[in-house]
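Q: The following block contains the structure, expressed as C-alpha cells.
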Amino acid sequence: MKYGSSHVRSTKDAHQGKAGRRVAGATLRGTGHRAETKGDVTMQAEARSGLLVAVAAHPLAELLECPPEAGNLLNGSAQCIEFDAGEVVFRQQGECKGLYVVVSGSFVRKAERLKTRLTLGPARTGDLVELAAALGDGHHTYTLTAQTPGSLLLLPIEGLNQAFERYPPLRMRLLEELAREVSRAYISCCLNRTVNLRRQVSGTEPA
C-alpha cells in the first residue's frame with residue numbers, strides 16, 4: 001500500500017519503528033538459538049568422543065590370551081604373508097581364510113554398499129582384521145589392499161575353530177571386540193555428521 005499525506009507518512013514511520021524493534025528482537029532470539037545449537041552440538045561431540053574412548057580396541061595380547069593348549073594351536077597354524085603395494089589381500093564376498101593381524105605396512109579397507117564404493121579406513125600395524133567374517137558367515141565384508149609393502153599374520157580359520165572348542169571364552173572375547181569395532185564405526189559416523197552440522201551452523205552466522 002502507498003501513502004500520500006505527510007500525516008500518514010508519519011504513522012508509517014511509527015509502524016516501521018515498531019516493526020524494527022520486533023525484527024531486532026527476533027534476530028537476537030535467532031542468534032541465541034544458534035549459539036544454543038552450537039553448544040548442544042559441541043556437547044554431543046564431546047559425549048561421542050568419550051564413547052569412542054570407552055569402546056577403544058583392546059590390546060591384541062589380551063584378546064588372544066588363552067591357555068597353552070589353545071595357544072599352541074594358534075601359534076602352530078599361524079602364517080606370515082608378505083604383500084607388495086597395490087596387491088589385494090582379499091576381496092569382498094570372498095571366502096574368509098581366517099583372522100589377519102597387521103605386522104607391518106599400511107592397508108586400506110574398501111567396501112561396496114548399495115552400488116556405492118566406500119573407503120572404511122586404514123589397517124595399521126597391530127590391527128586385527130576381519131573379525132566379522134571370521135566369526136560370522138565366513139565371507140569377507142570388504143576388500144583389503146596393501147597401500148605400502150607390508151606383511152600380515154594369518155590365523156587360519158581351522159586353527160581358530162579348534163582353539164574355540166578348546167577354550168570357548170576366546171570366541172566370546174573376540175565377539176566383544178567385534179561389538180566394540182561396530183560401535184566405533186557408528187560413533188565415528190555420528191561425529192562426522194556432527195562436524196558437518198557445525199559447519200552448516202557456522203555458515204549461517206551473520207558476518
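The values are calculated or read from the model by the stated rules, or taken from the named source; none is laboratory data. Every value quoted in this text rests on a predicted model; they were computed, and no experiment measured them. With ideal geometry, Cβ positions are generated from the backbone for all residues, glycine too; neighbour counts draw on all protein chains shown.
Q: From 124, 91, grab the single residue that is farther than 21 Å from residue 168 by Cβ and free of Cβ contacts under 8 Å to residues at least 40 places away in the same chain.
A: 124
Q: Next up: Are there any pairs, at least 6 apart or on different chains, whose C-beta atoms fall under 6 Å, with the first in segment 129-141 and under 12 Å from residue 171 (Cα atoms) and the second at pLDDT below 90 and crowded, with 17+ Cβ neighbours inside 10 Å, and if so, which?
A: Every condition considered, no pair remains.
Q: Across segment 79-101, what is the total count of residues that are assigned to a loop (DSSP other than H, G, I, E, B), closer than 14 Å to residue 129 by Cβ and not charged (D, E, K, R)?
A: 3
Q: Here's something else I'd like to know. Evaluate the following for residue 194: is it outside any strand (DSSP E or B) and modelled with pLDDT of 95 or more?
A: No; evaluated as a whole, the condition is false for this residue.
Q: Please go through segment 142-167 and give me each residue that is in contact with a strand residue (DSSP E or B) (Cβ under 8 Å, 6 or more places away or on another chain), surrounded by fewer than 17 Cβ atoms within 10 Å (Cβ to Cβ) and assigned to a loop (DSSP other than H, G, I, E, B), ordered by number.
A: Within segment 142-167, 147, 149 meet the criteria.
Q: Moving on. Going through segment 95-108 one residue at a time, which ones are closer than 15 Å to residue 139 by Cα and surrounded by 13 or more Cβ atoms within 10 Å (Cβ to Cβ)?
A: Those that are closer than 15 Å to residue 139 by Cα and surrounded by 13 or more Cβ atoms within 10 Å (Cβ to Cβ): 96, 97, 98, 99, 100.
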